[in-house]
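Bear in mind that the values in this text are calculations on the coordinates, not laboratory data. As the structure is a prediction and not an experimental result, all values here were calculated from the model. Here Cβ is always computed from backbone atoms with ideal geometry, including for glycine, and neighbour counts include all displayed protein chains.
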Amino acid sequence: MATRTIGIIMNGVSGRMGYRQHLVRSILAIREAGGVELSDGTKVQVEPLLVGRNEDKLRELAERHGLEHYTTNLDEALADDRWEIYADFLVTKARAKAIKKAIAAGKAIYTEKPTAESFDEALELSRLATEAGIKNGVVHDKLYLPGLIKLRRLVDSGFFGRILSVRGEFGYWVFEGDWHPSQRPSWNYRSEDGGGIVVDMFPHWNYVLENLFGRVESVYARAVTEIDRRVDENGETYVATADDAAYGIFELAGGITAQINSSWTTRVNRDELVEFQVDGTHGSAVVGLFGCKIQPRNATPKPVWNPDLKNEIDFDATWVEVPDTEEAINGFRAQWEEFIRHVAEDGPHPYDFLAGARGMLLAEKGLESHRTGARTDLPELSVDGVPASPAGAEAPTVAES
Ligand SMILES: NC(=O)c1ccc[n+]([C@@H]2O[C@H](COP(=O)([O-])OP(=O)(O)OC[C@H]3O[C@@H](n4cnc5c(N)ncnc54)[C@H](O)[C@@H]3O)[C@@H](O)[C@H]2O)c1
């Protein structure tokens with residue numbers, strides 16, 4: 001039995017992420033399970049308030065899922081004490097304005113990434129939230145994927161020895177929308193509407209890298225618009241102004257090199273839509289959303305380069321699959337549960353607005369590297385968000401960065 005209920009304002013709940021991942025897979029799944037269990041064994045139940053611009057859509061959603069509360073009036077929702085958490089799944093462009101209102105209203109806030117359209121704005125949100133003393137969190141969903149949880153265990157158990165490098169491949173073909181409808185909203189391909197694969201994916205890569213391997217100290221990136229014309233939801237052709245492929249090299253604290261390709265213009269020839277290979281002195285691993293296979297050094301085959309002979313080694317067969325040892329729960333839901341515990345009983349949830357700002361810093365520095373063609377250093381941010389100099393480099397001021 002739940003002892004209390006937390007009301008959650010879900011803004012942008014009719015969108016792709018808002019509906020599928022946050023409402024259906026997370027909040028409704030938690031409701032169905034009777035709430036989130038706290039450390040004393042009691043449960044806290046959740047009650048969503050659906051918020052958006054189109055009342056008919058919200059009514060239809062509420063009816064479909066048997067929900068009582070929906071509104072198009074965000075200000076009224078924020079002024080109402082029944083709703084303790086404000087959650088934001090709007091298009092990126094609309095996010096910072098809404099979050100500032102929620103901070104002023106004193107709500108705990110949980111949001112999709114990127115938290116804002118620029119690093120300065122993301123940092124401002126972090127400062128405002130800290131000054132207001134409100135709990136704040138940003139989606140770090142990839143860290144909660146079964147494959148990455150297995151990877152974390154490999155790192156923590158010392159499996160790799162000294163980690164040398166990380167290679168990531170993310171992407172798939174996003175249809176242009178002409179002969180086949182596109183599977184992603186068109187705003188993603190217009191930079192003036194907050195689109196672009198760097199601002200979309202580099203915030204993810206930042207938290208994956210900093211939480212598993214080390215802080216990103218520098219980036220070299222090339223961001224390209226491979227497909228420059230696409231067709232939108234209304235069948236209109238538009239100019240794709242945003243980058244749809246990005247090729248990045250990231251140097252991490254401790255000397256690890258990471259390379260990650262992000263692309264909406266590649267056809268998949270791997271087991272999963274994202275895959276990382278990690279090579280260490282004592283072993284290597286290849287992980288995806290779900291899978292994780294390893295090759296320890298004692299089981300490493302000995303290929304010999306000889307272009308005159310066909311390779312005889314079945315490389316796929318030389319890897320060992322790490323078994324599932326726990327029930328996998330949806331990553332968005334797992335993080336939601338942590339954030340709800342953070343609000344209800346001050347449970348740990350380290351992925352705050354400052355972590356979101358660091359993600360946006362990497363996106364900005366990646367784009368700067370593309371523009372200048374140079375490797376770009378990232379200043380280290382102290383806990384209050386002030387850049388502290390990286391070793392051997394002059395840190396830019398916040399205004400310059
Ligand atoms: N964590 C992840 O893996 C992941 C994946 C995809 C997208 N995202 C992020 O989630 C957010 C939403 O992306 P999506 O793919 O669901 O987009 P979407 O276009 O499907 O949904 C966006 C929502 O915002 C609303 N909206 C649009 N313009 C608005 C405006 N001007 N004012 C108020 N509301 C507005 C829409 O009605 C809709 O509810 C983006 O910030 C994106 O970066 C995260």
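Once the Cβ-Cβ distance between Thr5 and Tyr172 is put in as r, and R0 is 41 Å, what FRET efficiency do you end up with, to the nearest 0.05? Mind dumping the intermediate values first?
On the way: r = 39 Å, r/R0 = 0.96.
Here the calculated transfer efficiency is 0.55.
Listed by chain and number, the lysines placed with their C-alpha closer than 21 angstrom to that of Lys135 are Lys43, Lys97, Lys100, Lys101, Lys107, Lys113; residues fewer than eight positions away on the same chain are left out.
State the extension gain, in nm to one decimal, for the chain segment bounded by Leu309 and Met17, taking 0.36 nm per residue of separation less the distance between their alpha-carbons. Could the numbers behind the result be given before it?
Details: separation 292, 0.36 × 292 = 105.12 nm, distance 4.98 nm.
So the chain would gain 100.1 nm between Leu309 and Met17.
Ranked by the mean number of other Cβ atoms within 10 Å of their residues, highest first, the peptides 18-27, 200-209 fall in the order 200-209, 18-27. Which angle between 0 and 90 degrees, to the nearest 10, do you get for helix 353-372 versus the longest principal axis of the chain when only C-alpha atoms count? So the inclination is approximately 50 degrees. Fully extending the segment from Asn298 to Asp75 would add 74.1 nm, taking 0.36 nm per residue of separation and subtracting the current Cα-Cα distance. Straight-line cross-link partners of Lys310 among the lysines, defined as a Cα under 18 Å from its Cα and at least 8 positions apart when in the same chain: Lys302.
Between Tyr247 and His282, how many nm apart are label points set 7 Å from Cα along the C-beta direction? Output for this residue pair reads 3.5 nm.
Each helix, a run of at least 4 DSSP H residues, gives -39500 (n - 2.57); summed and divided by the residues of the chain, these come to -8500 deg cm²/dmol at 222 nm.
Which of the lysines could be linked to Lys150 by a straight reach, that is with a Cα gap under 22 Å, when you skip same-chain ones fewer than 8 residues away? Straight-line reach from Lys150, under 22 Å: Lys142, Lys293.
Treat the count of other C-beta atoms within 10 Å as a stand-in for reagent exposure and order Val274, Val13, Val174 from fewest to most.
Val174, Val274, Val13
Between the range 147-224 and the range 246-303, the C-alpha centres lie 12 angstrom from each other.
Under the combined filter of DSSP loop state and at most 10 neighbouring Cβ atoms within 10 Å, the range 249-346 retains these chymotrypsin sites (Phe, Trp or Tyr not before Pro): Trp305. Fully extending the segment from Ser39 to Ser382 would add 120.4 nm, taking 0.36 nm per residue of separation and subtracting the current Cα-Cα distance. The Cα trace of the chain gives Rg and Dmax of 22.1, 75 Å, the first to one decimal, the second as a whole number.
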